[in-house]
Structures are given as C-alpha cells and as structure tokens.
1. Arg89 - would you say it is touching a strand residue (DSSP E or B) at 6+ places or on another chain (Cβ under 9 Å), of a type in the set (Lys, Arg), within 16 Å of Arg141 (Cα to Cα) and open to solvent by 20 Å² or more (accessible area, probe 1.4 Å)?
2. I need the full set of residues from region 103-134 which are farther than 25 Å from Asn20 by Cα, assigned to a loop (DSSP other than H, G, I, E, B) and without any contact (Cβ under 8 Å) to a residue 40 or more places away in the chain, in order please.
3. Please give the number of the condition Val70 fails out of (1) part of a helix (DSSP H, G or I); (2) within 16 Å of Gly119 (Cα to Cα); (3) touching a helix residue (DSSP H, G or I) at 6+ places or on another chain (Cβ under 7 Å).
4. Identify the residue in region 19-63 that is open to solvent by 60 Å² or more (accessible area, probe 1.4 Å) and in a strand (DSSP E or B) and, among all such residues, is farthest from Gly102 (Cα to Cα).
Amino acid sequence: ATLFSPFTPQIFAQSAAGNNETILLVEDNELVRNVGQKILTRAGYQVIEACDGVEALQLFDQQRSRIALVVLDLNMPNKSGRETLAGLRSATDDLPILLSSGYSPNFSQQDMKKFGVDGFLQKPYMPGEFLAMVRRAIDGRKFASNGDKKLAPPLMMSNEVLSLPPAAAPPGRAA
C-alpha cells in the first residue's frame, strides 16, 4: 500500500503558490535576480525588481501598499542588505522580509528575530523551498497581524534543506 505524503511535489507546489501578491526582489546579480523573478512569477506572484538597496528603498517608498514581502540580498553595492533592512524596518515593522546570500548567513536566529527577519534563503535558490519560504513568511505575517497566532520563528534554507517545525501527525498516527 502506498501512503499519501503531504510533501509530494504537486501538493508542495500548490501550497506554495502565490495569490497575485507583490514581492520586492532586491538582488544586485542580474542572473540571480532573473532566476528569482521567474520562479516567483511562474508561481503566481507579481515581482518588483531592485538591483541594490538604494533602488529598493525608493521602490518601497513609491509602492509600499502593494508589497507583501521583500527578498533581500545581504551583499550588495551602494547600500548593503543590513543597511537596507534598517531602512525598511524604520518604515514598517510588519512587512515580511527574507534575507538571501550565496555565503553563510552572518545573522543568527536571535539576530533575525531581533531585526524582524522571517527567514534566510541560501543561494542558489531551490524553487520549491524558495516558494515555500515566501508563502510561509507572507501567511505567517497575515496570521500574526490578525492576532490568530504568533509569528513563527525564522526559517533557514540551505541549498538542499528547509528547516520547518515538525508537522502534527494525522489523528490516530504517531508523529
């Protein structure tokens, strides 16, 4: 007998799909930015692209009401990811933000929580994990702003591993 797994690729992709939300994708590497944009648009998200922190803050000021989440590269010219994060957080503390880097994160989970970061994406992006983190960050903030549940701890994604809290076992089954 084959058991149904909630992590089959089709179910996983459907559960991470966008609902036309707008993502501000901040990445100085054009190739990486294009890959991220394609992943997000194919999943049903709208994407605003910024090539550095200066442009990201300008676009955020102009289109703040449209933006549901920011994916922010840590290592950029003109204004670093940390500086951009500080600028975004001075404007709002309820916007979900995912940090991204091709290097090991220099943010601990406590730092991420302190600065209101919802997760860390290791580059190169793995589409399914990238989309799952985007969806969870957006949904986590929606629930938190409605008072329905506390904001989940930040997620960490490496090249192949997505750290998610354990799922509850179905009734009558052990976890």
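The values are calculated or read from the model by the stated rules, or taken from the named source; none is laboratory data. Worth saying up front: this structure is predicted, and the values here are computed from it rather than measured. No Cβ is skipped: glycine too gets one built from the backbone with ideal geometry, and neighbour counts run over all protein chains shown. Heavy atoms of the whole protein, side chains included, go into the accessibility calculation; ligands, DNA and RNA do not. Shrake-Rupley method; radii C 1.70, N 1.55, O 1.52, S 1.80 Å.
1. Working: touching a strand residue (DSSP E or B) at 6+ places or on another chain (Cβ under 9 Å): yes; of a type in the set (Lys, Arg): yes; within 16 Å of Arg141 (Cα to Cα): yes; open to solvent by 20 Å² or more (accessible area, probe 1.4 Å): yes.
Here the answer is yes, as Arg89 does meet what is asked.
2. If the condition is that a residue be farther than 25 Å from Asn20 by Cα, assigned to a loop (DSSP other than H, G, I, E, B) and without any contact (Cβ under 8 Å) to a residue 40 or more places away in the chain, then Tyr103, Ser104, Asn106, Phe107, Ser108, Phe115 are the ones that fit.
3. Single failed check for Val70: (1).
4. Selected residue: Gln46.
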